[in-house]
Amino acid sequence: MLILVTYDVQTSTDGGKRRLRKVAKKCEEYGVRVQNSVFECIVDSTQLRQLEIALERIIDPEVDSLRYYRLGKSHKTKVRHIGAKPAIQVEEPLIF
């Protein structure tokens with residue numbers, strides 16, 4: 001299933017900047033960055049739960065936030081891209 005992960009991490013402190021980097025690194029393990037704080041991830045339910053647990057251990061819930069949007073298996077009809085940065089097919093192999 002396709003999951004959209006978005007986050008907002010307060011970066012006014014050094015600790016916040018570290019948390020921001022850690023959240024991004026963890027999201028990169030599961031998906032592709034499509035905007036600054038937005039990742040598209042193809043995961044199963046177990047992988048999703050692992051990601052949620054890992055991210056919840058990183059953030060400070062008093063000042064940071066996470067959002068998970070479940071777009072499911074028929075996500076190709078639910079996502080439309082317009083503008084800069086070519087759309088990435090997250091299920092296709094990435095070749096650089």
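The values are calculated or read from the model by the stated rules, or taken from the named source; none is laboratory data. Just so it is clear, the model here is predicted, and its values are computed rather than measured. Ideal geometry is used to build each Cβ from the backbone, glycine not excepted, and the neighbour counts take in all protein chains shown. Areas reflect the complete protein model, heavy atoms only, side chains present, ligands, DNA and RNA absent. Shrake-Rupley method; radii C 1.70, N 1.55, O 1.52, S 1.80 Å.
With respect to L48, is the statement that it is open to solvent by less than 100 Å² (accessible area, probe 1.4 Å) and over 10 Å from the mean Cα position of the chain (by Cα) true? It is true that L48 is open to solvent by less than 100 Å² (accessible area, probe 1.4 Å) and over 10 Å from the mean Cα position of the chain (by Cα).
Conditions tested, residue by residue: (1) in contact with a Cys (Cβ under 9 Å, 6 or more places away or on another chain); (2) within 22 Å of A84 (Cβ to Cβ); (3) open to solvent by 40 Å² or more (accessible area, probe 1.4 Å); (4) not in a helix (DSSP H, G or I).
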site	(1), (2), (3), (4)
S12	no, no, yes, yes
K17	no, no, yes, no
V23	no, no, no, no
C27	yes, yes, no, no
V34	no, yes, yes, yes
F39	yes, yes, no, yes
I53	no, no, yes, no
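Look at L71 and say whether it is surrounded by 14 or more Cβ atoms within 10 Å (Cβ to Cβ) and modelled with pLDDT of 95 or more. The answer is no for L71.
Cβ-Cβ distances below 7 Å connect the following pairs, each with a first residue in region 53-66 that is hydroxyl-bearing (S, T, Y), a second residue that is surrounded by 18 or more Cβ atoms within 10 Å (Cβ to Cβ) and assigned to a strand (DSSP E or B), and a separation of six or more residues or different chains: S65/Y7. Close Cβ contacts (under 9 Å, 6 or more residues apart or on different chains) running from residues in region 25-46 that are within 14 Å of Y7 (Cα to Cα) to residues that are acidic (D, E) and open to solvent by 50 Å² or more (accessible area, probe 1.4 Å) comprise S37/D8; F39/E28.
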